[in-house]
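Trainee: The structure is given below, and queries will be raised subsequently.
Bear in mind these aren't lab numbers, they're just calculated from the coordinates by the rules spelled out. Computed from a predicted model, the values in this text were never measured in an experiment. Virtual Cβ from ideal backbone geometry, glycine too; neighbours counted across all protein chains shown.
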Amino acid sequence: MEFKIDTKPTYIVITPVSNHLDANLAAALRQKCNELTENGSENYIIDLHNCLDADERSFHLLTELHEDCYGNNSSLVFTNIQDNVMAELKRDETDAAINIAPSMQEAIDIVSMEILERDLFDED
């Protein structure tokens, strides 16, 4: 799978090039996040603006990726989800299990707030 990776100081934006969100893409996203985590990255924004449709078999894998990240004290936010993909996420109720932001700026804000919260709790 091909991804565009944009590294920022506190997070990484991963943008799949594929226009179909399926189980293979979700598994590749999970593998990419694992690789990046091994290299010291902690927070991810996955920009799904290229994904025009989705296979609901991928939703379970996205939920697992979300749980992996938060289990490792990392952040993960999905953003720029196309309307028909969002409708599928809602129908499957996956939208309640993962962080979704309507825009990149809101995704950045979520990651920033979570970093701040972790920093504050670590001080205690």
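Trainee: Could you tell me which residue of segment 15-26 is nearest to A107 (Cα to Cα), considering only residues that are hydrophobic (A, V, I, L, M, F, W, C) and surrounded by fewer than 20 Cβ atoms within 10 Å (Cβ to Cβ)? Full working, then the answer.
Mentor: The initial filter retains those residues of segment 15-26 that are hydrophobic (A, V, I, L, M, F, W, C), namely 17, 21, 23, 25-26.
After this cut, where a residue has to be surrounded by fewer than 20 Cβ atoms within 10 Å (Cβ to Cβ) as well, the list is 17, 23.
Values: V17: 19, A23: 23 Å.
Step by step, filter segment 15-26, then rank; the result is V17.
Trainee: Continuing with this model, one more query. Across segment 44-89, what is the number of residues that are in a helix (DSSP H, G or I) and over 17 Å from V17 (Cβ atoms)?
Mentor: Within segment 44-89, the first condition is being in a helix (DSSP H, G or I), and the residues that meet it are 57-71, 83-89.
From what is left, the residues that are over 17 Å from V17 (Cβ atoms) are 57, 59-71, 83-84, 86-89.
Of the residues in that region, 20 qualify.
Trainee: Looking only at residues that are small (G, A, S) and in a loop (DSSP other than H, G, I, E, B) in segment 27-43, which one is surrounded by the most Cβ atoms within 10 Å (Cβ to Cβ)?
Mentor: In the first step, residues of segment 27-43 are kept if they are small (G, A, S); the result is 27-28, 40-41.
Now narrow it down to the ones that are in a loop (DSSP other than H, G, I, E, B): 40-41.
Working: G40: 6, S41: 16.
Ranking the candidates gives S41 first.
Trainee: Kindly indicate which of I81, I46, I5, I12 is on the phi < 0 side of the Ramachandran plot and surrounded by fewer than 14 Cβ atoms within 10 Å (Cβ to Cβ). Let's see the steps before the verdict.
Mentor: Numbers: I81 fails: surrounded by fewer than 14 Cβ atoms within 10 Å (Cβ to Cβ); I46 fails: surrounded by fewer than 14 Cβ atoms within 10 Å (Cβ to Cβ); I12 fails: surrounded by fewer than 14 Cβ atoms within 10 Å (Cβ to Cβ).
None of the others qualify; the one that does is I5.
Trainee: Please determine, by comparing only the residues of segment 84-124 that are surrounded by fewer than 18 Cβ atoms within 10 Å (Cβ to Cβ) and polar (S, T, N, Q), which one is farthest from N34 (Cα to Cα).
Mentor: N84
Trainee: Looking at segment 14-29, I want the residues that are closer than 21 Å to E42 by Cβ and free of Cβ contacts under 8 Å to residues at least 24 places away in the same chain and have a partner that is small (G, A, S) and assigned to a helix (DSSP H, G or I) with Cβ atoms under 7 Å, at least 6 apart or on another chain. Which pairs are those?
Mentor: From segment 14-29, no pairs qualify.
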